[in-house]
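Worksheet for the structure shown next.
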């Protein structure tokens, strides 16, 4: 079992990094969530998230396929909205953020007529951007048991 934490614990451990990731996730309203279908194949869907009370929250329409996926297998990955790097200055690109973890349903599973609400337990946070020089990628990853790591890729 992978180590998990709350968003608040992650943000306390890496305040600057968490701030940059949160900024990317909240830059636009819609982002992408990946869930696992019954047969184990991936499903990607549009979604919205909320940062509140030190947690990451997802809301879904009653009976949505992504909610059914998460009830069956709570593993998920979230991808921030993205823009292309500026051609003239790729190093000015703010990057893209990803978050992986497990969804914990806090809504009443018996209520099929009400929206689903899930809290996300964080297992991994990734931010990928172009270095200021524009000649390589900078990939920053954080895991509860390893902390923040940085990889340069040319």
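Every read-out reported here was derived from the displayed coordinates using simple, explicitly stated rules and does not represent laboratory data. What you are looking at is a predicted structure, and each value in this text was computed from that prediction instead of being measured. Quick reminder, even Gly has a Cβ in these numbers, built from the backbone with ideal geometry, and neighbours come from all protein chains shown.
Things worth noting here:
- Segment residue 53-residue 114, length gained on full extension (0.36 nm per residue, minus Cα span): 19.8 nm
- Across all directions, the average flat footprint of the convex hull enclosing the Cα atoms of the range 15-154 is 9.5 nm².
- The protection proxy used here, the mean number of other Cβ atoms lying within 10 Å of each residue, ranks peptides 49-61, 69-81 as follows, highest first: 69-81, 49-61.
- P(r) of the range 1-68 over all Cα-Cα pairs, binned every 5 Å from zero, in whole percent: 3, 14, 20, 21, 21, 14, 6, 1
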